[in-house]
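These notes are about the structure you will find just below.
The values are calculated or read from the model by the stated rules, or taken from the named source; none is laboratory data. Quantities reported herein were computed from a predicted structural model and do not represent experimental measurements. Positions of Cβ are backbone-derived with ideal geometry, glycine not excepted, and every protein chain shown enters the neighbour counts.
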Amino acid sequence: MNVIHISFGDSAHGNLKNVFQKSNKHQNEQIICINEDFSIGPIYKLESNEGMQKRKQWLKELFIKTGPASDPDYLDWIETILKSNSQVALEIPSNSKVILWHGGNTSDEIGLRFVAFLLQNKNIQFEEVDVTEYSQNIEYKVRDLQNKEIPYVIRNLGAMPPELILDALQMKKSMSHTKIEGLINDWKKWSQTKDLLRILLDGRVLAVSEDYYDESILENTSNEYQKPSRVVGEVMGKSDQCIGDMYLVFRVYQMIEQGKLSYQGNLESSREFEIRLP
């Protein structure tokens, strides 16, 4: 039986790949990366070409707004990733075992539903490794700035220490047909929504307003000019959500346009201007 691991995000894929390359037991097992942040942007009919094009356009506007992507090659890369994600079923033979690696974050939760939908017509034996549940079961701890051990919940595979990955794999669980059907039906519902931002609250994915993080951005902005990256870093560090920096920078630009933030410098690059409260 083919054994195929699916991870969500480039960091998660790299973490898993590096560990498996050093393991004689897992070297021949395939790893597929779903390199997408499902917490942001349109996911309406994402399983279709129509949905992919809508998402590509949104990402294009986001990247151009935040600076890094006037480069056509970068925009081509976006389309390549979207097509690769939607064609994952073509890479997985029927009667395979698929192990889904995920954690307690919005993108992984939506990703599970997306993959289950794409593979629904294949006879797949599904298993899962929930890295968040694993970290809680082993009472994982890190050291704070005072070198004191404190509990820490791992929310995605990319953040898991490599030395724990094979141990976590030993705790994988089978996924029932009922659970998979539930994921498929959930995707069908999400695939009909038009929202652009989602969060995970008490284990449930919820759609929220695009300005959901604006209050936190204001709370972490001072009366003195400072780089947006510093503010964004504070917001990310304090948030109970796994949110990427690019969306937060995008919101900074939106708030500047709305007069909620003052700036000085060149808005063409987030590295070349500073922000403060008006």
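For the reader, a short list of remarks on this structure follows.
- Region 259-276, residues that are exposed (fewer than 14 other Cβ atoms within 10 Å of the Cβ) and of a type in the set (D, E, K, R): Glu268, Arg271, Glu272
- Single residue of region 76-86 satisfying the filter (within 16 Å of the chain's Cα centre (by Cα) and farther than 19 Å from Gln30 by Cα) that is surrounded by the fewest Cβ atoms within 10 Å (Cβ to Cβ): Ile78
- Of the listed requirements (1) farther than 24 Å from Tyr253 by Cβ; (2) of a type outside the set (Phe, Trp, Tyr); (3) surrounded by 13 or more Cβ atoms within 10 Å (Cβ to Cβ); (4) modelled with pLDDT of 90 or more, Ala89 misses just one: (4).
- Unique match (being at negative phi, among the acidic types (Asp, Glu), free of Cβ contacts under 8 Å to residues at least 60 places away in the same chain and assigned to a strand (DSSP E or B)) among Glu274, Glu215, Glu234, Glu224: Glu274
- Every residue from region 95-138 that is surrounded by fewer than 19 Cβ atoms within 10 Å (Cβ to Cβ), out of contact with any strand residue (DSSP E or B) (no Cβ under 8 Å at 6 or more places or on another chain) and basic (Lys, Arg): Lys122
- Residue within region 259-270 that is among the polar types (S, T, N, Q) and at pLDDT 95 or above present: yes
- Restricting Asp202, Asp195 to residues that are outside the structural domain of Phe117 (by TED's automatic domain parsing) and under 25 Å from Tyr152 (Cα atoms) narrows the list to Asp202.
- Answer from Lys54, Lys97, Lys65 - the residue that is of a type in the set (D, E, K, R), under 30 Å from Arg271 (Cβ atoms) and at pLDDT 90 or above: Lys54
Results for (1) without any contact (Cβ under 8 Å) to a residue 24 or more places away in the chain; (2) assigned to a loop (DSSP other than H, G, I, E, B); (3) of a type in the set (D, E, K, R); (4) in contact with a strand residue (DSSP E or B) (Cβ under 7 Å, 6 or more places away or on another chain), shown as yes or no for each residue.
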site	(1), (2), (3), (4)
Asn24	yes, yes, no, no
Ile32	no, no, no, yes
Glu36	no, yes, yes, no
Glu47	no, yes, yes, no
Gly51	no, no, no, no
Arg55	no, no, yes, no
Trp58	no, no, no, no
Ile64	yes, no, no, no
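- Of all the listed residues (Leu201, Leu197), the sole one being modelled with pLDDT of 95 or more, touching an Asp or Glu at 6+ places or on another chain (Cβ under 7 Å) and within 30 Å of Tyr134 (Cα to Cα) is Leu197.
- Of the residues making up region 146-172, those that are at pLDDT 95 or above, outside any loop (DSSP other than H, G, I, E, B) and surrounded by fewer than 16 Cβ atoms within 10 Å (Cβ to Cβ) are Pro162, Glu163, Leu166, Asp167.
- Qualifying residue in region 174-185 (condition: β-branched (Val, Ile, Thr), part of a helix (DSSP H, G or I), in contact (Cβ under 8 Å) with a residue 40 or more places away in the chain and assigned by TED's automatic domain parsing to the domain that holds Glu36): yes
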